[in-house]
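Only the coordinates and a few stated rules stand behind these numbers; no lab work does. These numbers come from a predicted model, not from an experiment. Heads up, the Cβs are rebuilt from the backbone with ideal geometry, glycines too, and the neighbour counts pull from every protein chain shown.
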Amino acid sequence: MKLIELLHSIDNETKSGLVNLDDWRWTDAEHLVSMGFVFQDEYHLQTEKPPKITIYKKKEKDPETGKIKAFFFIEEPKKKTKRFKTFNDVVDFFDNYAQPELDKNM
């Protein structure tokens with residue numbers, strides 16, 4: 001990839017509202033890494049093993065207040081993208097996440 005292409009890509013991602021991982025709270029990113037997520041690029045974390053779950057933070061207009069706010073998003077294959085207001089909501093989601101391989105052994 002040429003430098004100019006990389007700069008345009010970064011500019012487009014910034015304009016789309018994506019929050020750079022360097023701007024996340026360190027503890028949030030560290031928590032996800034401890035769960036098995038790896039850095040996919042400057043904006044996304046993704047699981048190494050299937051199902052490939054991607055998480056990112058993006059600024060959008062809050063439908064309740066009308067103000068621009070950063071939300072967390074989780075994308076899973078063949079499922080609707082989920083949006084969360086806080087990182088604690090993300091943690092709660094994963095605390096209750098169905099894991100068929102582990103669930104069948106219990």
### Task
Starting from the Cα-Cα distance between residue 98 and residue 2, subtract it from 0.36 nm times their residue separation and give me the gain in nm to one decimal.
30.4 nm
### Task
Express the relative contact order of the range 17-99 as a whole percentage, based on alpha carbon pairs under 8 Å and six or more residues apart in sequence.
20
#### Entry: Label-point gap, in nm, between residue 30 and residue 67 - each point 7 angstrom along Cα→Cβ
2.8
### Task
At a Cα cut-off below 25 Å, give the lysines reachable from residue 78, other chains included and same-chain residues fewer than 8 away excluded.
49, 52, 57, 58, 59, 104
